[in-house]
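Derivation of every value follows stated rules applied to the coordinates shown; laboratory data play no part. Here the structure is a predicted model, which is why all the values come from computation and not from measurement. Note that each Cβ is placed from the backbone with ideal geometry, even for glycine, and that neighbours are counted across all protein chains shown.
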Amino acid sequence: MNTLLPILAVFLLGNLLVALLRVARGPTPADRLLAALLFGTTGVAILLLLAFATASAALLDAALVFALLAAISGAAFAQRAWREEQAEAAHDDD
C-alpha cells in the first residue's frame, strides 16, 4: 500500500502539468479559474498522500493551509470576474 501512494502523487503531478497548460492557453477567465482551483485541490491531494506515506503531521497542516488558500483565492477570483463583467456591461450600455 505504501508504494501506491507515491505513484498516485506522481500521477497527480502530471495532472498539474496539464492544468498548467490550460492556464497558459485558456481563452477565458473561467478556464483559468478552474485550473487554479484544480491546482489547489490537487496540491492538497498530493500533500495528503505524501503525509500518509511518510507519517508526517506537518504535511497534514500544510494541506489544510493550502485548502483554505484555494477556497479564498477561488472566491476572490470569482468576485473580480463578476466586477469586470458588470463594468463591461455598464460600458456597453453607454
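Hand me the list of helices (runs of 4 or more DSSP H) wholly inside the chain holding 1 or more residues that are loosely packed, with under 12 Cβ neighbours inside 10 Å.
4-25, 57-93
Any idea how many residues of the stretch 1-37 are over 16 Å from the mean Cα position of the chain (by Cα) and either under 21 Å from I72 (Cα atoms) or touching a residue at least 24 places away in the same chain (Cβ under 8 Å) (or both)?
Of the residues in that region, 5 qualify.
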